[in-house]
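See below for the structure under consideration.
Here, each number is a calculation from the coordinates, and none is a lab measurement. Owing to the predicted nature of the structure, the values given are computational and were not obtained by experimental measurement. FYI the Cβ positions are ideal-geometry reconstructions off the backbone, even for glycines, and counts take in every protein chain you see.
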Amino acid sequence: MEHSEQLIQHKLRQLESQPVKWNKQETWLRLERPRRKRTSVFAYAAAALVIVVGSWVLYDSMTFNSSALHDRIAALEIRLAQAGDKLILASPDPERMCAPEMAVQPQEIQRVKPRVNTALPSVLIADQLKPAIDSTQRTTVALQPQEQPTVTEPTAAVERPSIPIILGRSQGAAYARSKRFSFRLILSDPDLTEQPITVSEVDIVAGLKQKPN
Amino acid sequence: MTESELIRLCQQASPRGQQELFDRWADSLYRVALRYVKTDVDAEDIVMMSFTKAFRHITSFRPQGKGSLHAWLRKIVVNESLGWLRRRHNFNMVESLDDTLPVPDLNEVCHLPAEDILRLVMELPAGYRTVFNLHVVEGYSHQEIAEQLGISESTARTQLFKAKAHLKKMLIREGSQYGT
């Protein structure tokens, strides 16, 4: 490198160390912004994840509550139907089945003996019943053995099944319950625990007992 | 804070260390970038990109004495500036020059104040200015310039010759203007 070039190099490099007016702060902020942006992206992602998980838990909880309720209703309906059948069989007394003022007492039926017409003579009837064919007109016919129809024994007896009355979405709820996730966060929630149905509840629903106030 | 402490902090991705590094060297690196790309906005962009790259790769930096960090940063800025120029200018022109022509001397130019020299350099066309900066200020050989810009060595020589001639011409023109 020539001497003049070295001199120019020295002067220009010296000039580089001089302070200069430029958008230094703005450039630093631009340099820093992607890092802040990255942090905020992580924050947004975390918030979105929390919302999604929360919604899922809420949905699962609601599904579980719904299915539990449907199960209880279904069980109650079945027991109600059974209890109703038993009540009908055990007490045909209308006073027990309906209100006393609605009950109708059965009336005695007066049976009337049929009258016999004795006006016609019995002899006439006897003559009329005599056969009008002579003995000469009779022919003897050999009886042919008649083929007996084959009768097959029944192999199975078909009965009408007793179909329990199920109202609402009980079957759908049972299906949903079998398919849903068994993820429960709040196990201590009383709504989530299944309680046995007492007979008194059945009686209350059937109208046989008054609900205690 | 010493240079080794600064390097260690930056290698640990400490925001304090990074800001210290930026505060210490951003001004001089901005001037380097400005000498290549000419406009303030582009020079700021290059400084920003260079520091981003430096913060990312400082873990692989091995200090070799005092001033090595600045030299490393300066090299990053020069490379970024060349990349910026390559995207906007075509350096691939094949130029040849008669070797018998005398090389223009820069004796008159080198006696000018630094600001005037810089102003004259900034008025050079992009190709001439880039080759002049790389050869005269950065100290690159013609072979290195040819590799950096993807041109032939003879083209690099021609560009430098024309840059010097252009500077001399500008100086004469300005001298005549000053004289009137």
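The table for this structure:
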read-out: Shielding of B:18-28 by partner chains, average beta-carbon count, 10 Å; value: 3
read-out: Average beta carbon contacts from partner chains per residue of B:106-113, 10 Å cutoff; value: 4
read-out: Förster radius 51 Å - calculated FRET efficiency between B:Gln12 and B:Val103 (Cβ-Cβ, nearest 0.05); value: 0.50
read-out: Inter-chain Cβ neighbour average for residues A:13-20, partner chain, 10 Å; value: 6
read-out: Sorted peptide list for A:41-54, B:57-70, B:138-151, B:156-169, criterion being average Cβ within 10 angstrom, highest first; value: B:156-169, B:138-151, B:57-70, A:41-54
